[in-house]
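**Student:** Below: one structure in structure tokens.
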Amino acid sequence: MKLLTSTALFLLLISLASVSYGQVETVNYPNGGVYVGEVEGGGLTRRPHGLGILTTADGNIYEGNWEYGLQHGMSTHTNPDGVVTFTGEWVHGAARVPLATLREQERERLALIAAIHL
């Protein structure tokens, strides 16, 4: 399982410190996933709510906003190889509006390079 870089963790903690709601915790799930971030509820009912990072047992990473245990708001998904596969808006756990995928970003860069060299 991939570990967070110290810079990513530092930035997350700084951003979490500026938010007035939610308690920051580390939650270890029975399936091997680990969530670090704001939660609501307590004991067995606690769930991600606010800013946080979920790393699944297979190495996928979801960073961003959570609401009542579901991704909600801006979030980024990174696959186990470290490739960002989605950045955009989530609504109640479903990806809705991608800002750009890696391939779209690459196409945009290639188009820009082609335009400059033509």
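**Student:** How many residues are modelled with pLDDT of 90 or more and under 14 Å from the mean Cα position of the chain (by Cα) when one looks only at region 1-51?
**Tutor:** 10
**Student:** Determine if region 58-68 includes at least one residue that is over 11 Å from the mean Cα position of the chain (by Cα), assigned to a loop (DSSP other than H, G, I, E, B), over 16 Å from Val36 (Cα atoms) and at pLDDT 90 or above. Please lay out each step first, then the result.
**Tutor:** Pass one, region 58-68, residues over 11 Å from the mean Cα position of the chain (by Cα): 58-59, 67-68.
Right, trim to assigned to a loop (DSSP other than H, G, I, E, B) and you get 58-59, 68.
Narrowing further to those that are over 16 Å from Val36 (Cα atoms): 58.
Among the residues that remain, those that are also at pLDDT 90 or above are: 58.
Within region 58-68, one or more residues are over 11 Å from the mean Cα position of the chain (by Cα), assigned to a loop (DSSP other than H, G, I, E, B), over 16 Å from Val36 (Cα atoms) and at pLDDT 90 or above.
**Student:** Considering only residues that are of a type in the set (Gly, Ala, Ser) and surrounded by 12 or more Cβ atoms within 10 Å (Cβ to Cβ), look in region 74-118 and name the one that is modelled with the lowest pLDDT.
**Tutor:** Ala100
**Student:** Can you name every residue in region 35-61 that is buried (at least 19 other Cβ atoms within 10 Å of the Cβ) and out of contact with any strand residue (DSSP E or B) (no Cβ under 8 Å at 6 or more places or on another chain)?
**Tutor:** Passing the criteria: none in range.
The values are calculated or read from the model by the stated rules, or taken from the named source; none is laboratory data. Because the structure is predicted, anything quoted here is derived from the model rather than measured. Backbone-built Cβ (ideal geometry, glycine too); neighbour counts: all protein chains shown.
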